[in-house]
Each structure stands twice: as structure tokens, then as C-alpha cells.
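All remarks here apply to the structure that follows.
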């Protein structure tokens, strides 16, 4: 039997409001967002989170979140961008991207609402589950294998509020 794959779903931190002429994908993280994300990532590092792969939405705020995660968690690889992690993408498409990454034991995904909440529910085989993923929240779901249908087990969730200083 294959070893389980740990999937870490990280919602991007607080981003600036769009200014006139600015497209949604261009929005960047705020200082407050970076501060809250650092708290979550510090706890994640203490919990032993060490991704073997980081996937990110191509939106700027998700890429900034992924980059901060890479630095905080000691990730040395390349951050791989995928449209399957954009805000309105489907959980099935995100799962298909994950499944293509055979041999990875810990995959971190930097993404957005509403996808992140629906992806948690999808991975747990509970599509009706309503998951409130705050900005900069990180959840760990372990999947026994990367079969066509996910078989995830929720291990934990970190939010900025419970991560303290």
C-alpha cells in the first residue's frame, strides 16, 4: 500500500482592494495579510510541514502567499502555477492536477475562496460540507492514495486567530 499524501490547502492572505483599472488577478497582499500569514506559517513549520511540491494559482496574491510559504517552510523547489487553483475553478480540476504529481508526499496548494472551501469538502467526500476557510488559513488533509475519487482524512486546520504571535 502506498504511503499517504499530505495535502495542505492554504488560502491566500488578506489582499488589497482593487483600484480603478486594476484587474482582480493583480491584487497584492496587504501588510496585515503578510503578518497574519507569517503567524500561520510559523505554527506550520513547528508542526513539521515540509512540502515536497508547492502549486499556486497564477493570481498575484496567491503567488505571494506561495512564496512566503516556500520561504517559511524551507521549500527549495519551483512554485508551479496552475489555473486549476483560480478562485472559480472546480475541485475536480484541482484534484486532477494533484493526481498528476505521483511521487510527492506533501503538496501545498496556494489558492482562493470559494475554491478552497469546496476543495476541502471534495477531498473529504462530503460535497455538502460548508468549510469556512479564513484568509491565510491552512488545512491538512491526508489521502491514502491518488485514486480517481479522493479519500481524504482531515488532520488539522490553522487560522491566524489560533496561531497567536
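Sorted on the mean count of surrounding Cβ atoms within 10 Å across their residues, most packed first, peptides 156-162, 7-13 read 7-13, 156-162. Ranked by the mean number of other Cβ atoms within 10 Å per residue, highest first, peptides 77-85, 132-140, 20-28 order as 132-140, 77-85, 20-28. Among (i) 37; (ii) 43; (iii) 17, which is the computed percent of Cα pairs over 27 Å apart? Given (i) 37; (ii) 43; (iii) 17, the structure-derived one carries the label (iii). Computed from the Cβ-Cβ distance with R0 of 22 Å, the FRET efficiency linking residue 17 to residue 67 stands at 0.55.
Taking the convex hull of the alpha carbon positions in the stretch 49-118 and averaging its projected area over all directions gives 4.3 nm². Remark: spin-label model distance residue 42-residue 125 equals 3.9 nm, labels positioned 7 Å along the Cα→Cβ axis.
Relative to the longest principal axis of the Cα atoms of the chain, the long axis of helix 31-46 makes an angle of roughly 30 degrees. Rg over Rh of the stretch 1-94, using C-alpha atoms and the Kirkwood radius, what does it come to? We get a ratio of 0.99 for the stretch 1-94.
Taken together, the values in this text are just the output of simple stated rules run on the coordinates, not laboratory data. Keep in mind that what you see is a predicted model, and the values were worked out from it rather than measured. Every residue, glycine among them, receives a Cβ derived from its backbone with ideal geometry; neighbour counts consider all protein chains shown.
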